[in-house]
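*Asks:* Got a structure here, written out as structure tokens. Questions coming.
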Amino acid sequence: MTDLLWTSEDIELATGGAATAPFEVTGTISIDTRTLKTGDLFVALKDQRDGHDFVEAAFKAGAAGALVSRPVTGGPAVQVEDVLDALTQLGIAARVRCGAIRTAVTGSAGKTSVKEMLARIYGAFGPAHSNAKSFNNHWGVPLTLARMPENTQRAIFEIGMNTPGEIAPRSQMVRPQIGIITNIAAAHLEGLGSIEAIALEKSDIFAGLEAGGTIILPADDAFLDYLSARARELCPTGNVETFGRSEEATARVTGYETDGMTSRITVDVVGRTASVTINAVGEHWALNVAAALLAASQTGRSVEDCAEALSGYAPPPGRGTAETLALPGGGSFTLIDDAYNANPASMRAALASLSQRTGGRRLAALGDMREIGASSTAEHIALAGPILDAGIEGVFLAGAEMQRLAESLPPGFPQASAPSADELWNQLQKALKDGDLLLIKGSNASGMGRIADRLRQWSGEAGMGKMDGGSEGTARVS
């Protein structure tokens with residue numbers, strides 16, 4: 001990017017801070033010196049580590065300036081009382097100066113996928129902006145706003161939460177014209193306590209909805225009526241639209257077919273039919289497509305144009321992407337990497353989608369689902385049914401909660417288990433055969449993503465001998 005994003009004077013006006021010297025931000029806004037590029041503004045947030053400890057490295061990497069709360073050396077900076085508060089004010093200033101149509105999305109599952117789909121569609125029609133990765137928390141939302149160029153025409157913001165009271169202030173920062181809830185399911189129960197509390201918190205996505213904005217809700221969700229009533233309470237002039245398989249849905253899924261590698265999805269949006277082909281498998285993807293087409297069609301483009309722009313979409317890494325990897329002994333297997341995160345609803349959807357893929361043995365490597373509270377044991381045990389229904393021929397289970405699942409599977413069902421993902425490695429690499437389909441899924445903290453990365457490395461070293469690592473577990477799939 002060579003266009004001017006911020007000047008030090010702009011930053012002073014937005015944050016109330018004081019600049020040590022003039023500077024211009026011609027890149028983006030960075031909180032990580034490892035990815036910082038010349039011309040970026042470095043924001044010294046205090047999170048797991050204090051960003052002020054990295055200001056010197058930021059300037060050496062080419063930072064145009066820094067946003068700090070104490071004096072620093074090495075380059076120009078704007079000093080403020082609180083860096084996160086200042087970043088929030090900078091984000092609000094970015095919103096105010098930009099005339100973009102803003103969409104906000106939340107939900108228990110699918111919100112990142114819908115965000116990525118909308119980013120693809122919006123990008124086809126002009127300057128567009130969206131969260132990097134899943135920057136959807138207390139610093140991710142203001143950071144995304146502050147990064148938004150002034151010429152942006154359409155923007156999509158993912159908004160997440162772990163505890164009560166997080167979504168409303170982020171929605172009020174974004175002030176979306178379009179708000180989406182993908183679904184309500186048992187995720188973050190540890191922090192929220194009940195699925196009803198999740199519905200209440202997710203409905204706060206409409207707390208900042210602009211007057212006359214569009215409310216998009218899941219037509220088939222048990223909480224539809226509650227969400228609709230709550231949305232109208234928060235935005236009385238909002239227009240409620242729905243997506244799903246229901247006959248009454250504004251955007252209705254009318255067809256789904258797959259060849260085991262791609263999916264063709266047909267959606268009717270108020271009598272206008274459009275088809276989309278995506279590089280992902282599973283009927284839950286049809287709902288994501290319907291939500292994205294409905295939202296995008298509210299921004300001044302036809303459903304047909306939006307569908308054309310979306311066709312060819314592939315999930316980002318860790319969200320259900322499929323890839324063929326070579327086996328060191330010859331042959332290959334298909335890795336379905338869905339290891340970014342997991343809750344009961346997304347886990348069941350991933351298992352069901354595995355049943356629709358074609359190939360050899362269907363195997364699943366599963367890590368603990370975190371943050372689901374008192375129902376955790378029951379939810380893990382309940383995965384036995386979806387595993388059997390999907391025709392899965394062997395499982396690799398990592399973590400204490402997945403041990404509950406191991407104990408609930410039928411006697412003799414092929415399985416291997418270990419206390420952690422890393423300790424599952426030896427069993428997994430020994431079991432894989434030519435033609436296998438392997439799904440990897442678990443909460444981010446379960447470490448299953450490392451297994452996916454290690455499999456790629458192992459495959460890349462085909463012919464160089466087996467890798468060491470891990471420990472023998474309690475069983476073996478063969």
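*Asks:* Show the residue pairs meeting these rules: Cβ distance below 8 Å; 6+ apart or different chains; first residue within region 371-388 and under 27 Å from Pro164 (Cβ atoms); second residue of a type in the set (Lys, Arg) and surrounded by fewer than 22 Cβ atoms within 10 Å (Cβ to Cβ).
*Replies:* Note: pairs meeting the criteria are Thr377/Arg404; His380/Arg404.
*Asks:* Hey, among Ala146, Ala229, which residue is small (Gly, Ala, Ser) and farther than 29 Å from Arg97 by Cα?
*Replies:* Ala229
*Asks:* For region 421-437, give me the residue count where each residue is touching a strand residue (DSSP E or B) at 6+ places or on another chain (Cβ under 8 Å), among the hydrophobic types (A, V, I, L, M, F, W, C) and more than 20 Å from His380 (Cβ to Cβ).
*Replies:* Initially, region 421-437 is screened for residues touching a strand residue (DSSP E or B) at 6+ places or on another chain (Cβ under 8 Å), giving 421, 423-424, 427-428, 431-437.
Next, from what is left, pick out any that are among the hydrophobic types (A, V, I, L, M, F, W, C): 421, 424, 428, 431-432, 437.
Pick out the ones that are also more than 20 Å from His380 (Cβ to Cβ) and you get 431-432, 437.
Final tally of qualifying residues: 3.
*Asks:* Can you name the number of the only condition in (1) in a strand (DSSP E or B); (2) within 22 Å of Ile156 (Cβ to Cβ) that Asp204 fails?
*Replies:* The single condition Asp204 does not satisfy is (1).
Residue by residue, here is whether (1) β-branched (Val, Ile, Thr); (2) under 26 Å from the mean Cα position of the chain (by Cα) holds:
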{"position": "Glu24", "(1), (2)": "no, no"}
{"position": "Thr33", "(1), (2)": "yes, yes"}
{"position": "Phe42", "(1), (2)": "no, yes"}
{"position": "Lys46", "(1), (2)": "no, yes"}
{"position": "Gly51", "(1), (2)": "no, yes"}
{"position": "Phe59", "(1), (2)": "no, no"}
{"position": "Gly75", "(1), (2)": "no, no"}
{"position": "Gln79", "(1), (2)": "no, no"}
{"position": "Ile92", "(1), (2)": "yes, yes"}
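*Asks:* Identify all residues within region 5-19 that are hydroxyl-bearing (Ser, Thr, Tyr) and surrounded by fewer than 18 Cβ atoms within 10 Å (Cβ to Cβ); write none if there are none.
*Replies:* As a first pass, look at region 5-19 and keep what is hydroxyl-bearing (Ser, Thr, Tyr): 7-8, 15.
Result: Thr7, single match.
*Asks:* Residues that are crowded, with 17+ Cβ neighbours inside 10 Å and part of a strand (DSSP E or B): does region 131-153 have at least one?
*Replies:* Looking for residues that are crowded, with 17+ Cβ neighbours inside 10 Å and part of a strand (DSSP E or B), one finds none in region 131-153, hence no.
*Asks:* Can you tell me which residue in region 231-267 is farthest from Leu354 (Cα to Cα), limited to those that are buried (at least 19 other Cβ atoms within 10 Å of the Cβ) and of a type in the set (D, E, K, R)?
*Replies:* My answer is Glu241.
*Asks:* Which of (1) on the phi > 0 side of the Ramachandran plot; (2) buried (at least 22 other Cβ atoms within 10 Å of the Cβ) does Gly312 not meet, given it meets every other one?
*Replies:* (2)
*Asks:* Every residue in region 192-212 that is modelled with pLDDT of 95 or more, in contact with a Ser or Thr (Cβ under 8 Å, 6 or more places away or on another chain) and surrounded by 23 or more Cβ atoms within 10 Å (Cβ to Cβ), please.
*Replies:* Lys202, Asp204, Ile205, Phe206, Gly208, Leu209
*Asks:* Related question: Surrounded by fewer than 19 Cβ atoms within 10 Å (Cβ to Cβ), at pLDDT 95 or above and small (Gly, Ala, Ser): is that true of Ser228 in this structure? Let's see the steps before the verdict.
*Replies:* Details: surrounded by fewer than 19 Cβ atoms within 10 Å (Cβ to Cβ): yes; at pLDDT 95 or above: yes; small (Gly, Ala, Ser): yes.
Taking the combined requirement at face value, the residue satisfies it.
One line per residue, one yes/no per condition, for (1) of a type in the set (Asp, Glu); (2) under 17 Å from the mean Cα position of the chain (by Cα):
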site	(1), (2)
Gly123	no, no
Leu143	no, yes
Glu158	yes, yes
Thr163	no, no
Val174	no, no
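*Asks:* When region 154-191 is examined, which residues are found to be assigned to a helix (DSSP H, G or I), hydrophobic (A, V, I, L, M, F, W, C) and surrounded by 24 or more Cβ atoms within 10 Å (Cβ to Cβ)?
*Replies:* At the first step, the residues of region 154-191 found to be assigned to a helix (DSSP H, G or I) are 167-174, 189-191.
Remaining after also requiring hydrophobic (A, V, I, L, M, F, W, C): 167-168, 173-174, 189.
Within region 154-191, Ile167, Val174 meet the criteria.
*Asks:* Just give me the residues in region 213-240 being outside any helix (DSSP H, G or I), within 23 Å of the chain's Cα centre (by Cα) and not small (Gly, Ala, Ser), in sequence order.
*Replies:* Across region 213-240, the qualifying residues are Thr214, Ile215, Ile216, Leu217, Pro218, Asp220, Asp221, Phe223.
The values are calculated or read from the model by the stated rules, or taken from the named source; none is laboratory data. Not measured: the values here are computed from a predicted model. Please note: Cβ atoms are built from the backbone with ideal geometry, for glycine as well, and neighbour counts cover all protein chains shown.
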